[in-house]
1. Name the residues of region A:67-98 whose amide N is less than 15 Å from a point 7 angstrom out from the Cα of residue A:18 along the C-beta direction?
2. Between residue B:68 and residue B:29, what is the spin-label point distance in nm, taking each point 7 Å from the Cα along the Cα→C-beta axis?
3. If R0 is 30 Å, what FRET efficiency do you get for residue A:27 and residue A:62 from their C-beta distance, rounded to 0.05?
4. Let me check against my output: what whole-number percent is the relative contact order of chain A, with C-alpha pairs under 8 Å and at least 6 apart?
5. List the pairs from A:22/B:79; A:18/B:2; A:41/B:79 whose alpha-carbon separation is above 32 Å, in the order I gave them.
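Since every read-out is calculated from the coordinates, none of them should be taken as a lab result. A quick note: this is a predicted structure, and the numbers were derived from the prediction, not measured. With ideal geometry, Cβ positions are generated from the backbone for all residues, glycine too; neighbour counts draw on all protein chains shown.
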Amino acid sequence: ETGVTQTPRHLVMGMTNKKSLKCEQHLGHNAMYWYKQSAKKPLELMFVYNFKEQTENNSVPSRFSPECPNSSHLFLHLHTLQPEDSALYLCASSRPTGATNEKLFFGSGTQLSVL
Amino acid sequence: RKEVEQDPGPFNVPEGATVAFNCTYSNSASQSFFWYRQDCRKEPKLLMSVYSSGNEDGRFTAQLNRASQYISLLIRDSKLSDSATYLCVVNSQGLSGSARQLTFGSGTQLTVLP
């Protein structure tokens, strides 16, 4: 186990549904991330939080809404998604992103299918 | 040009073979470099960091050439359990200009055959 727990592992939702992905880390890290991994594509960074503050938003559509209530928890709220949003969503944590050699620890991911 | 480019693969090698993966990055200001391994349908896991002087961890050797903006990973005496996708990862400046972020290559798939 990496110390980063994601739920649910699998999610199937319709385009009109609202759902949330949850991530929790037990490593004492202060930076948390959401990545998207589509088939045959590299991991795409979506959001970065440092000490609960959002420091990066890589032009992610507003149908994805992150929330970071504290340094240990991260959520990704989903609403009115499109079929092309189907992918593996990975949460990760690290020491604060100001460090030059931070390593990422990933959760197991949520495999999302949008019908 | 992609920020991080890797050999397209896939690599299919027999057990015991030596295999090398290459990676180039475009941002000359990149500070740190890593190789991650990702098994099928699993999350990426850190394999090793890449240091300027080159470093070795058992059967794995990583090299960095800053002048050419090039990283490599060498696997000696391949095992069946080495079959996975190997991701080249580079730490570069984030969009905000202050926060750094890790940029991933597309990965190179390795299959070690019995």
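1. Within reach of a label on residue A:18, which here means backbone N under 15 Å from a point 7 Å along Cα→Cβ, region A:67-98 contributes A:67, A:76-81.
2. It is 2.6 nm.
3. After rounding to 0.05, the efficiency reads 0.50.
4. 37 percent
5. With Cα atoms farther than 32 Å apart: A:22/B:79; A:18/B:2.
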